[in-house]
Every structure is written in structure tokens, then in C-alpha cells.
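The values are calculated or read from the model by the stated rules, or taken from the named source; none is laboratory data. Keep in mind it's a predicted model, so treat the numbers as computed, not measured. With ideal geometry, Cβ positions are generated from the backbone for all residues, glycine too; neighbour counts draw on all protein chains shown. The protein model used for the area step is the full one, side chains on, heavy atoms only, and it has no ligands, DNA or RNA in it. Shrake-Rupley method; radii C 1.70, N 1.55, O 1.52, S 1.80 Å.
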Amino acid sequence: MSLRISRRVVLRTGAAAVVAGAALPTAAARAQAPSKPRRETSANGWPIQATKDVDSQVWTRTVSGTGLSVPVSIGDAETILLHVVRRFHYEIEQIPSIDLTGWQPAAEVAKGRPESNLASGSAVRIRPGSRAKGGFFPLQELVLRDILADCEGVVRWGGDDDQVDESLFYIALGPRHKRVRTLADRFRGFERKPGAGAGVSVDFLAKPRRSRADALARAQRTR
């Protein structure tokens with residue numbers, strides 16, 4: 001009797017071991033299993049797009065009231081970057097269509113650098129031929145600083161980067177960051193509110209606006 005019990009126990013234990021072995025693949029088997037590829041991102045964490053205007057998150061959008069268009073990531077980045085372009089066009093200088101570019105293929109931009117954000121549609125270049133430091137008159141830079149302050153740190157200017165690129169404006173936070181959505185919602189609200197948004201006369205020399213702009217400039221320059 002005890003022998004039978006022993007044999008049953010052995011058989012049950014062996015069967016359990018076989019099942020467990022089937023349920024738990026070896027380390028070698030796990031290593032050979034295909035893994036889900038990670039989506040490549042630009043420097044700011046936005047997903048790089050292989051194309052524009054077809055099978056992509058990047059589409060060419062019109063910059064209202066300017067006659068310009070630029071390929072950007074649709075949604076929040078689109079709303080924010082078009083606001084920057086419009087204010088630049090209205091308040092700094094008019095932008096010829098040849099001087100505004102957006103999305104570019106990843107192979108054409110430096111990987112890991114801020115300009116890689118162009119490949120995800122989360123950046124634009126304004127006056128791409130003027131990348132070196134000192135491309136703006138002092139009054140123009142005051143307005144530019146006011147535009148950046150209007151974006152509450154969500155947009156960064158390449159003129160403040162270690163490797164200066166004064167033509168580059170890009171989203172400084174990731175696509176899921178709450179501040180990106182909050183700013184985009186505020187700018188979208190301007191479309192429904194007369195007398196607000198880009199193109200409206202702004203006293204960028206007013207003390208509260210200057211203080212806000214100067215504080216942001218100091219913070220971004222010391223990153």
C-alpha cells in the first residue's frame with residue numbers, strides 16, 4: 001500500500017514538473033523570443049515620423065492669416081508651434097515661405113541633438129539660414145522673449161542652447177506632459193475669444209511681461 005502511494009506521489013510530482021517546465025520557458029528560449037521594437041524618438045521624447053501627409057502624425061498645416069504652411073505633428077504641437085510662427089510673423093518680421101520649415105526626415109538631422117525634434121514634427125525653423133548667434137536686433141529679441149514667455153517654458157529657442165541655433169523653436173517637453181496639453185488648450189481658446197492670441201497688439205515692454213520673459217530667459221540659458 002505504501003509503495004502504491006509512493007508511486008502516485010512520484011508520478012504526480014513528475015507531471016507537475018513537466019507542466020511547470022512547459023509554462024516557464026528557459027532563459028535561452030526567452031532570449032530567442034521576438035521583442036516588440038521600441039519606437040524611436042527625437043531628443044524631446046516625441047515619436048519620429050518616417051513621412052509626412054500620408055500614414056503619419058505629421059501633416060502640413062496652414063498658419064492662419066500669414067499665407068504660410070508648415071508640416072508639424074498634429075494636435076498639441078501643431079497648436080503651439082503655429083502660435084509661435086504667427087506671433088513671429090506679425091510682431092518680429094514677416095516670414096517668406098522659403099524661410100519656414102518644419103518636419104524633416106531623421107536622416108537629415110543630427111540624432112540626439114535639438115534639431116532631431118524636426119523629425120518628429122515637434123519643431124520648426126524660422127529663417128533657417130540664420131542659425132548663428134546675433135541674428136536679431138535687440139528689439140526683435142525682446143519680442144521673441146515675450147513669445148517664449150507666452151509659451152510658459154513649453155517651447156525652447158535654439159538660441160539658448162549650448163550649440164546655438166537661432167532658427168530653431170521646439171517643444172521642450174514630452175508629448176504626454178500635462179503642461180503641453182494645458183498650453184495648447186489655452187491657445188485653442190484664443191480662436192474662440194475675440195481680441196486674444198497671435199496678431200493682437202501686445203505691450204511687450206510692460207513691466208509684468210518683461211519680468212516674466214526675463215525670468216524664463218535666465219532659467220533656459222542656465223540649463
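Details
- Of all residues in region 92-116 being in contact (Cβ under 8 Å) with a residue 12 or more places away in the chain and touching an Asp or Glu at 6+ places or on another chain (Cβ under 8 Å), the one that is farthest from residue 54 (Cα to Cα): 114
- Positions within region 76-109 being open to solvent by 40 Å² or more (accessible area, probe 1.4 Å) and of a type in the set (Gly, Ala, Ser), in sequence order: 97, 106, 107
- Search result, residues across region 110-140 that are farther than 16 Å from residue 46 by Cα and surrounded by 14 or more Cβ atoms within 10 Å (Cβ to Cβ): 125, 126, 127, 128, 130, 131, 135, 136, 140
- Single unsatisfied condition, residue 178 versus (1) surrounded by 19 or more Cβ atoms within 10 Å (Cβ to Cβ); (2) modelled with pLDDT of 80 or more: (1)
- When restricted to residues that are among the aromatic types (Phe, Trp, Tyr) and part of a strand (DSSP E or B), region 38-73 contains 1.
- Here residue 123 clears all of (1) closer than 17 Å to residue 216 by Cβ; (2) of a type outside the set (D, E, K, R); (3) touching a strand residue (DSSP E or B) at 6+ places or on another chain (Cβ under 6 Å) except the condition numbered (1).
- Members of region 141-155 that are open to solvent by 10 Å² or more (accessible area, probe 1.4 Å) and closer than 14 Å to residue 85 by Cα: 145, 150
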